[in-house]
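Following: one structure in structure tokens, then a few remarks.
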């Protein structure tokens, strides 16, 4: 039996007493099989909480399916007739799942979170625009382009280019994480942050133009 399989088998076999009824239950379980008590959410990273492998590349459908399945499992309505402690724990589970889902579904937030998870000594988002001359120059040029966009078509062109560039950065981030190149991932995350902000500003400018 391989090491990973052995560890998994040990995890399955490990048990502990339920804090409510004292019955034996798997340490990985959140609901006691005997008294049906719902325990508080255990400390876990966002990937583990959603039962996903740690990595930047995630299928949106898989992420959403895991999130919805677990939300149904811990939905407060399932414990409406239970004790107040169970209801409170259900809300804690829902909040923890929401935080994990919202972090992992957005490429920028996922990248920054993963950098910190893989190397806690790194300061998230440390690769600020002003520390990268190439990114600073790009930011100045793209901001000027947006400032000069006086028509809906021109603003849409800025948005389309930002979207294309962001897709490319996401692909490059996946490759950087695959190589465990966290310094490169930080630089790419800084560029993605700029592109996201540029797109937000362009959409805001588009709304103002439409309203005028």
Find the residue count for region 130-145, including only residues that are touching a helix residue (DSSP H, G or I) at 6+ places or on another chain (Cβ under 7 Å) and closer than 28 Å to residue 206 by Cα. 6
Any chance region 146-153 includes a residue that's farther than 23 Å from residue 206 by Cβ and part of a helix (DSSP H, G or I)? no
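Given the structure, is residue 111 touching a helix residue (DSSP H, G or I) at 6+ places or on another chain (Cβ under 6 Å), more than 30 Å from residue 101 (Cβ to Cβ) and either touching a residue at least 24 places away in the same chain (Cβ under 8 Å) or outside the structural domain of residue 48 (by TED's automatic domain parsing) (or both)? Even if it seems obvious, please write down each step before you answer.
Numbers: touching a helix residue (DSSP H, G or I) at 6+ places or on another chain (Cβ under 6 Å): yes; more than 30 Å from residue 101 (Cβ to Cβ): no; either touching a residue at least 24 places away in the same chain (Cβ under 8 Å) or outside the structural domain of residue 48 (by TED's automatic domain parsing) (or both): yes.
No: the conditions fail for residue 111.
Every residue, every condition in (1) farther than 17 Å from residue 197 by Cα; (2) at pLDDT 95 or above; (3) touching a strand residue (DSSP E or B) at 6+ places or on another chain (Cβ under 9 Å), yes or no:
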{"residue": "79", "(1), (2), (3)": "yes, no, yes"}
{"residue": "123", "(1), (2), (3)": "yes, no, no"}
{"residue": "144", "(1), (2), (3)": "no, yes, no"}
{"residue": "157", "(1), (2), (3)": "no, yes, no"}
{"residue": "175", "(1), (2), (3)": "yes, yes, no"}
Kindly provide the set of residues from region 58-87 that are under 30 Å from residue 182 (Cβ atoms) and part of a helix (DSSP H, G or I), ordered by number. 60, 61, 62, 63, 64, 65, 66, 67, 70
Give the number of residues within region 164-191 that are more than 17 Å from residue 141 (Cβ to Cβ) and either in contact with a helix residue (DSSP H, G or I) (Cβ under 7 Å, 6 or more places away or on another chain) or not in a helix (DSSP H, G or I) (or both). 14
Subset of region 64-78 that is touching a residue at least 24 places away in the same chain (Cβ under 8 Å) and crowded, with 18+ Cβ neighbours inside 10 Å - its residue that is farthest from residue 29 (Cα to Cα): 67
Looking at (1) out of contact with any helix residue (DSSP H, G or I) (no Cβ under 6 Å at 6 or more places or on another chain); (2) outside any loop (DSSP other than H, G, I, E, B); (3) within 25 Å of residue 168 (Cβ to Cβ), which one does residue 55 not meet, given that it meets all the others? (2)
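Is it the case that some residue within region 46-53 is modelled with pLDDT of 90 or more, surrounded by fewer than 13 Cβ atoms within 10 Å (Cβ to Cβ) and under 25 Å from residue 118 (Cβ atoms)? Before the answer, list the steps.
Here is the first cut: in region 46-53, the residues modelled with pLDDT of 90 or more are 46-53.
Within this subset, residues satisfying the condition of being surrounded by fewer than 13 Cβ atoms within 10 Å (Cβ to Cβ) are 51, 53.
Imposing the further condition that a residue be under 25 Å from residue 118 (Cβ atoms) reduces the set to 51, 53.
Yes, that holds for at least one residue.
The values are calculated or read from the model by the stated rules, or taken from the named source; none is laboratory data. Note that the structure is a prediction, hence the values are computed from the model and not measured. Here Cβ is always computed from backbone atoms with ideal geometry, including for glycine, and neighbour counts include all displayed protein chains.
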